[in-house]
1. Once you have all Cα-Cα distances for the stretch 24-133, histogram them in 10 Å bins from zero and send the whole-percent values.
2. Got a sec? How would 131, 87 order by Cβ neighbour count within 10 Å, fewest to most?
3. Give the order of 90, 81, 15 when sorted by the count of other beta carbons within 10 angstrom, beginning with the fewest.
4. Between residue 168 and residue 129, how high is the FRET efficiency from 1/(1 + (r/R0)^6) when r is the Cβ-Cβ distance and R₀ = 35 Å? Nearest 0.05.
5. Suppose each label sits 7 Å from its Cα in the direction of the beta carbon; what would the residue 140-residue 37 distance come out to in nanometres?
Amino acid sequence: MTDSISSTVLPLRICRADYHDPVHADALVRLLDAYAQDPAGGGEALSEFAKTHLVAALAARPQAFSVLAFAGGQAVGLVNCIEGFSTFACRPLVNIHDVAVMPSHRGQRVAGQMLALAETIARERGACKLTLEVLAGNASAVRLYERVGFAGYQLDPAMGRAQFYQKWLA
C-alpha cells in the first residue's frame, strides 16, 4: 500500500495519517479545529468532545483514512476520507470529507498533493470514484477541485445537476 508521496515542488512530506501516532493524532485535531474556525469550515471551533474523541473514533472505523502534509516538521494540511459504497457500480467510493490547509501554506498546491495521495489510496481500495462537497463561495477550492479532475455531476441532463442536502439528527 502506498503510504506517502514525496514532493518535488515544495519541501513537503505528504503521508497517510497513522491514528496511533501521537504526532499525527495531534496534527489531525489541530488542523481540523483550525479549519472548523475558518469561515469555509463554519467559523466555530470543534467541541471539546470532538477534540477528545475524534482520532479514536476515526481509528475505530476501517473505512476512514486521513492524509497529512508536513512542512519542516509542522503540520500544514489535512484531508479526511470516508469510504462509502456505490450501488450503481457495486464498488466502494471514497468521500473526501475535509480538506484543510493552513493559511500560511495556501496557494502552494499542498491540497493538490494531499488529494493525489487520497486518490492513490482510494484506487488501492478499489474505489470507483471520489466524491466531495464544496461551498459555492469557496472559489479557490472550486478551482483546485476542477484542476485535479472533479466536476459537478448529473445522471440525465433533463434531471439537472446533483445537489447536496443535509438533515441533522442530533
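Every number in this text was worked out from the coordinates using simple rules, so none of it is lab data. Note that this is a predicted model, so its numbers are computed, not measured. Cβ: placed from backbone, ideal geometry, glycine included. Neighbour counts: every protein chain shown.
1. It works out to 14, 44, 33, 8, 0, in whole percents.
2. So the ranking, lowest neighbour count to highest, is 87, 131.
3. 90, 15, 81
4. 0.85
5. About 1.8 nm, to one decimal.
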